[in-house]
Structure formats: structure tokens, C-alpha cells
Amino acid sequence: QVQLGESGGGLAQPGGTLTLSCAASGRISSPNTMGWYRQAPGKQRELVASMTTGGTTDYVDSVKGRFTISRDNMKNTVYLQMNSLEPEDTAMYYCNLNHIIWNYWGQGTQVTVSS
């Protein structure tokens, strides 16, 4: 079993910065993909950014150039640096770890962008 622990959400002003962290623990298999999804009220959950063990990244178009995903494979931790935040980024952000058919989720951390 794998557990994901998220931190770093909160309230930010438009144009501000937040950094999310997610640490995985338990029986972690490699290679794997760790990433962040978000879900706003009334909307479907969407992939924000992901990164493989080997360093390949993927971003949703709306965050390209503003968000940066990184990971520390030794610590099984993934980070999401969010710059130039917009009100449209307001959502619950969920950490995800995927290895073949196994998919694990964190409990989520709220990000609210408002003046």
C-alpha cells in the first residue's frame, strides 16, 4: 500500500506564488509517474502536471510557463511550484502516483486564489 501526504495549499493573491509538496510512503514501485490533479467545484478533475521517474514532464496548457513540477526520487517527493496564480487556478489539488495499473491518491489540499 502507498500513502501520499500533501502540504502547501492555502490562500494566495492573483499573481502570487504557492508551492505544493507531496511525499509518498509505503511500498513504492519504480518506475512510476507522480503528479498533481485539480478539481474545481462543478468541474471534472484534470491533470495539472506530472513527472516520471526518468524526468519526463507533462503540463495542461493553462499552466504552461507558470507552474513547474519537480521531484526528488530519493525522497519519493514531488513538488509543484505555482507562479503567477490566477483565480481560475482555485481548486482542490490532489497528488497522484501511478505505477502500471496501480493508482494512488492523496486527500487533497485546497488552493484559493483571490484578492
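Here are the numbers for this structure:
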item	result
Listed peptides 71-77, 55-61, 34-40 by packing density, highest first (mean Cβ within 10 Å)	34-40, 71-77, 55-61
Cα-centre dipole for region 36-106 with unit charges at Cβ (Lys and Arg positive, Asp and Glu negative), debye to 20	160
Reference-scaled alpha-carbon Rg (2.2 N^0.38 Å with N residues) for the chain	1.00
The chain - percent of accessible surface contributed by carbon and sulfur, probe 1.4 Å	48
Residue-normalised accessible area of the chain, expressed per residue, 1.4 Å probe, Å²	54
Region 82-115 versus region 21-67: alpha-carbon centroid distance in Å	8
Additional length obtainable on full extension of the chain from Ser29 to Glu88, 0.36 nm per residue less Cα span	17.8 nm
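The values are calculated or read from the model by the stated rules, or taken from the named source; none is laboratory data. Fair warning: this is a prediction, and the values are worked out from it, not measured in the lab. Note that each Cβ is placed from the backbone with ideal geometry, even for glycine, and that neighbours are counted across all protein chains shown. What goes into the accessible areas is simple: the full protein's heavy atoms, side chains included, and nothing from ligands, DNA or RNA. Shrake-Rupley method; radii C 1.70, N 1.55, O 1.52, S 1.80 Å.
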